[in-house]
Amino acid sequence: MLLFGAGTLAGLAGTAGGITSLISYPALLAAGLSPLRANMTNSVAVIGNWPGSTMAARPELQGRARHLGQLVPVAAAGGLAGTVLLLGTPAKVFDVAVPFFLVAASIALLCQPRLATWRRRHLERSSRYLFFAGLFGVCAYDGYFGAGSGVMLLALLLIAIDEQLPRANAYKNFLLGVSDVISAVGFAVFGSVDWLAAASVGLGALVGGAFGPRLTRRLPPGPLRVAVALVGIGLAVKLFLSPN
């Protein structure tokens, strides 16, 4: 019940703003899983977000199938790269860098209107390739660890793709879902997953994920963007002080 409740809150918070693992990952640790196993179990569980959030975000994604089709291979490749990296390297390789990535993404969220204006003036032609590189990098991080990847990708999408928060959030949920599915398959086959815990969190994430996009439509974008950024900074501080 603890994990189901945590999964529901994680699905709601994650699909509305991008902070899923802030709730689900600590809950798995509290349930007694080791950090590495909790990470792999969490990666499998959060794919429960994908069906509900995608169905709930159909208004924002309508007419975007072609564009999403161009981005899906990049997201999948990034998720695969991160999964291979976690399975093949020591688990603490990114511990030092992760908090700084989160702080940078959170600051980008706070400064998003100005950064979007600057991007339109200076990077209109080349920003597509920079965005692809950023998308690959965030999805690789999502496959490796995941905590804060929603904040990172939301900041990137708001600056480079769409300044409307509900639509950028819908893109974020869909693309991270692609990355999460790739990671889940890799960890299920080659990793160590607690399936009972994954099912409990995943069912909760399915429920919460269905309501996240609806919540995003009703909240004012400015305060929501600031709230997500502040949570991202808080998570960065937590990971800096206690990486595991």
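Observations on the model:
- In the stretch 177-197, residue surrounded by the fewest Cβ atoms within 10 Å (Cβ to Cβ) [restricted to those that are closer than 12 Å to residue 41 by Cβ and among the polar types (S, T, N, Q)]: 192
- Scanning the stretch 24-47 for residues that are crowded, with 23+ Cβ neighbours inside 10 Å and at pLDDT below 80 yields a single hit, 25.
- Residues that are at pLDDT below 75, more than 23 Å from residue 169 (Cα to Cα) and part of a helix (DSSP H, G or I), drawn from the stretch 60-100: 97
- Residue pairs meeting the criteria (Cβ under 6 Å; at least 6 apart or on separate chains; first within 15 Å of residue 80 (Cβ to Cβ), in the stretch 128-139; second modelled with pLDDT of 90 or more and of a type in the set (A, V, I, L, M, F, W, C)): 135/74; 136/74; 139/75
- Residue selected from the stretch 160-176 under the condition closer than 18 Å to residue 70 by Cα and surrounded by 22 or more Cβ atoms within 10 Å (Cβ to Cβ), by the criterion modelled with the highest pLDDT: 175
- Total residues in the stretch 39-60, condition in contact with a Leu (Cβ under 7 Å, 6 or more places away or on another chain) and more than 17 Å from residue 141 (Cβ to Cβ): 4
- Residue pairs whose Cβ atoms lie under 6 Å apart, separated by 6 or more positions or on different chains, with the first residue in the stretch 51-66 and within 17 Å of residue 157 (Cβ to Cβ) and the second of a type in the set (Lys, Arg), are 60/167.
- Any chance residue 57 is touching a helix residue (DSSP H, G or I) at 6+ places or on another chain (Cβ under 7 Å), at negative phi and modelled with pLDDT under 75: yes
The values are calculated or read from the model by the stated rules, or taken from the named source; none is laboratory data. Note that the coordinates shown come from a computational prediction; the quantities given were computed from them, not determined experimentally. Positions of Cβ are generated from backbone atoms using ideal geometry, with glycine treated the same way; all protein chains shown enter the neighbour counts.
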